[in-house]
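Everything on this sheet refers to the single structure shown next.
Derivation of every value follows stated rules applied to the coordinates shown; laboratory data play no part. Small disclaimer: the values here were computed from a predicted structure and weren't measured. When we count neighbours, we look across all protein chains shown, and the Cβ atoms used for this are built from the backbone with ideal geometry, even at glycine.
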Amino acid sequence: MNGFLKRLASGTPQLGLWQALATPYTAEICARAGFDWLLFDGEHAPNTLQTLLAQLQAVAPFPVEAVARVPIGEPVAIKHYLDLGFGTLLVPMVDSAEQARAIVAASRFPPLGNRGVASATSRASGFGAQPGYLSRAHERTAIIAQIESRAALDQIDVIAAVDGIDALFVGPADLAASLGHLGNPGHDEVQAAIAHAKTRIDAAGKPAGIFALSPGDAQRRMADGFAFISVGTDIGLLARGAAGLLDSIRG
């Protein structure tokens, strides 16, 4: 079973941290801190396959789940990230069931899907050392659909019903922009949309995740029953820590 899904099944909210600095040094520091999962961002961070590989290797000794956000939900990116060794992928901008089914197909080897076959050259297979890898890779793969648009809200029931979509994650920033409230994810309409999304995800029987806007918001989302919550970013920690240090000295 996929490790991240196993953690979600425990019923304990899983707290994660966004990784956008794209360096193994900071990834290792954050892995040591004790987060349940780290999200390695390929959509907005300056990551390449090589920087992602280095970060995966840096966090491998620690009991943290490595989740990756692909830049786009298309087969080549999905194949590359899975071959690299990520077992859990967060796919941005999933707006329809058709799109969700295509994403799932891209994550499965034939006959379950259309993922390009690699074994001996794939880090995910231990470079060919794992018996039965090709036939069982789908059992260790989890796909999370990111809900972050008005279109996705309209289609959330059918997206959540797609077999192989294992969890759904609400992105407040893009959702706010889609609803006409760019830069204001705290707007009442956005918050109502988040509550609606959570209700529909629950009805589908799948775990719901969200990017929290602050520590207080993270605590509220835990109380709301979100199964996995991003509680900040590595960039945010560095920026606030640097500014706070100067402020403490300069007064």
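Placing +1 on each Lys and Arg Cβ and -1 on each Asp and Glu Cβ, with no other charges, gives the stretch 18-124 a dipole about its Cα centre of roughly 280 debye.
Using the Cα centre of the chain as the reference point, and only Cβ charges (+1 on K/R, -1 on D/E), how large is the resulting charge dipole? Debye, rounded to the nearest 20.
640 debye
For the pair the stretch 92-171 / the stretch 204-222, the C-alpha centres are spaced 22 Å from each other. Close amide H pairs (under 5 Å, H built 1.01 Å from N) link residue 211 with 170, 230, residues at least 5 positions away or on another chain.
Along the stretch 188-197 the Karplus relation, 6.51 cos²θ - 1.76 cosθ + 1.60 evaluated at θ = phi - 60°, assigns HN-Hα couplings of 4, 5, 5, 5, 5, 5, 5, 4, 4, 4 Hz to successive residues, with x for each Gly and Pro.
Here is the P(r) of the stretch 3-98: all C-alpha pair distances, binned every 5 Å from 0, give 2, 13, 26, 25, 18, 11, 3, 1 in whole percents.
Along the stretch 167-184 the Karplus relation, 6.51 cos²θ - 1.76 cosθ + 1.60 evaluated at θ = phi - 60°, assigns HN-Hα couplings of 7, 10, 10, 8, x, x, 5, 5, 4, 4, 4, 5, 8, x, 10, 3, x, 9 Hz to successive residues, with x for each Gly and Pro.
Give me 228, 109, 127, 169 sorted ascending by neighbouring Cβ count inside 10 Å, so fewest comes first.
127, 109, 228, 169
Going from the residue with the fewest nearby Cβ atoms within 10 Å to the one with the most, 32, 140, 221 rank 32, 140, 221. Per-residue 3J(HN,Hα) values for the stretch 53-68, derived from phi via the Karplus relation 6.51 cos²θ - 1.76 cosθ + 1.60 with θ = phi - 60°, read 4, 4, 6, 4, 5, 5, 9, 4, x, 10, x, 10, 8, 9, 10, 10 Hz in sequence order (x marks Gly and Pro).
The amide H of residue 233, built 1.01 Å from its N in the peptide plane, has 18 as neighbours under 5 Å, considering only residues 5 or more places off or on other chains. Sorted fewest first by neighbouring Cβ atoms within 10 angstrom, 189, 43 come out as 189, 43.
Measuring how big the stretch 159-244 is from its alpha-carbon positions, Rg and Dmax come out at 14.1, 46 Å. Using a Gaussian network model of the chain in which every pair of alpha carbons under 10 angstrom is joined by a spring, one finds that among 144, 229, 29 the greatest mean-square fluctuation is at 29.
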